[in-house]
1. Long-range amide H contacts for Val192: which residues qualify at under 5 Å (H placed 1.01 Å from N, peptide plane, sequence gap of 5 or more or a different chain)?
2. Highest mean first, what order results for 237-246, 147-156 on Cβ atoms within 10 Å?
3. Between region 61-123 and region 129-169, what is the C-alpha centre distance in whole Å?
4. Could you work out how far the C-alpha centroid of region 183-220 sits from that of region 1-24, in angstrom?
5. If eta is 0.890 mPa s and T is 25 °C, what Stokes-Einstein diffusion coefficient results for the chain, Kirkwood Rh from Cα pairs, in µm²/s?
6. Under a plain spin-label model, where a point goes 7 Å from the Cα along Cα-to-Cβ, how far apart in nm are Ser318 and Ile85?
7. If you put +1 on each Lys and Arg Cβ and -1 on each Asp and Glu Cβ, how big is the dipole of region 112-212 around its Cα centre, in Debye rounded to 20?
8. Which of the peptides 74-80, 22-28, 126-132 is most tightly packed, and how do the rest follow, judged by the mean count of other Cβ atoms within 10 Å per residue?
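What follows draws every value from the coordinates through simple rules; no lab data is involved. Treat the numbers as computed from the prediction; the structure is a model and nothing was measured. Positions of Cβ are backbone-derived with ideal geometry, glycine not excepted, and every protein chain shown enters the neighbour counts.
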Amino acid sequence: MPHRVLHISGDDIQVSPPNTDTRYNASEMSDGERAIFYLIGQTLVAAPNSLLVIDEPELHVHRSVISKLWDELESARQDCAFVFITHDLDFAAARIAQKYVIRDYDPAPRWTLDVVPDDTGFSEQTTTLILGSRRPILFVEGDTDSLDIAIYRTCYPDWTIVPRGSCEEVIHSVVTMRRNQHLTRVHCSGIVDADDYQADDLEYLRNLGVAALPVSEIENIVLLPQVSRAIAESDGYTGAELADRLDSLKEAVFQSLNTAAAVDRVVTRYCRRRIDRLLKKVDLSAAGDVSQITADYIRQTAALDIQDIAQRATNRISEALRDRDLPTLLANYDNKALMSLAATHLRRTRLADFESWLVRVLRNNSVPNLIDAIRHNLPVVEAQ
């Protein structure tokens, strides 16, 4: 703790910032300061060759310093063995040691421990999260964005939500987990964004245990008519005024694609995703030389007709615009700015305030009709 200096005299301990004469009593330290000095003291005065059991080392200690603190203490007491019992997966992953997950406990006392294996196909942190979960695992696209996670956790309360980035990572995670003998006691499924999956693609994903959203991005679920209506109703809109709010939002979404250039930008992004998806499936592992690599690559990418992919995407978007079919458009239209339109037309507020409100009502279940509307539009998943 370079920002604090200890002054010990007799039975009195005081603390000061460096290079100042301002001191304060130990009783006036923050909880974090007291915890750190206590842990340092107990570790340094422990009897030689002790086994030190530290329960919840993360308690009151900031995550930015906890790993460094225990690196120093373990180095100072190399004669001792350390056992950490923690809920902080980042801290656990940072320790160079054998890891265990407490799967079960009763006051007998009896502990059921699972070793955290090294060869699961997941990071150690993710493996620990999976093994430590009492609920089935639901892999989803995206990251730890608060709104995405709030939607998934609220609508799938019996699942542990694990963001995995791309759709390929979600699929890979489901397949990897189901095939891994170390993880077979934990069930899992996955959800991916809508991305023009054909009927046979959807059937293939279902057989793997992966479902597809009805929209191109999870947050755009709030723009579906049933969900938008629930949001507007929660703000007191009824009758003609409610219809006006919903119509204005729908029109704003259509107007955001009122030029060929705007449609082309959406189609370009879609083509990139399709190309990326196909290239990630290319398997050149059996090729023994450069000529074989070339032949295998040409064969596996021969079906990639970019012009056809682009034309089909353009046709789908154009037909949705022509028919004023908002759900179909949202299944093919990825645009983060759509949430701003929802904020403006449904609650007359800024995007940040709108997202904060959504997270709050989802976590508190303060607008049940909204949660019911979102759930109604999300896929049903089963633990397998």
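1. Excluding prolines and chain starts, which carry no amide H, the hits are Ala211, Ala212, Leu213.
2. Working: 237-246: 13.3, 147-156: 19.1.
Final packing ranking: 147-156, 237-246.
3. Comparing the Cα centres of region 61-123 and region 129-169, I get a distance of 23 Å.
4. 58
5. Working: Rh = 25.3 Å.
In µm²/s, the coefficient rounds to 97.
6. Output for this residue pair reads 6.7 nm.
7. Details: 8 positive and 17 negative charges, 134 e Å.
Magnitude of the dipole: close to 640 debye.
8. Details: 74-80: 12.4, 22-28: 10.4, 126-132: 20.4.
Output ranking for 74-80, 22-28, 126-132: 126-132, 74-80, 22-28.
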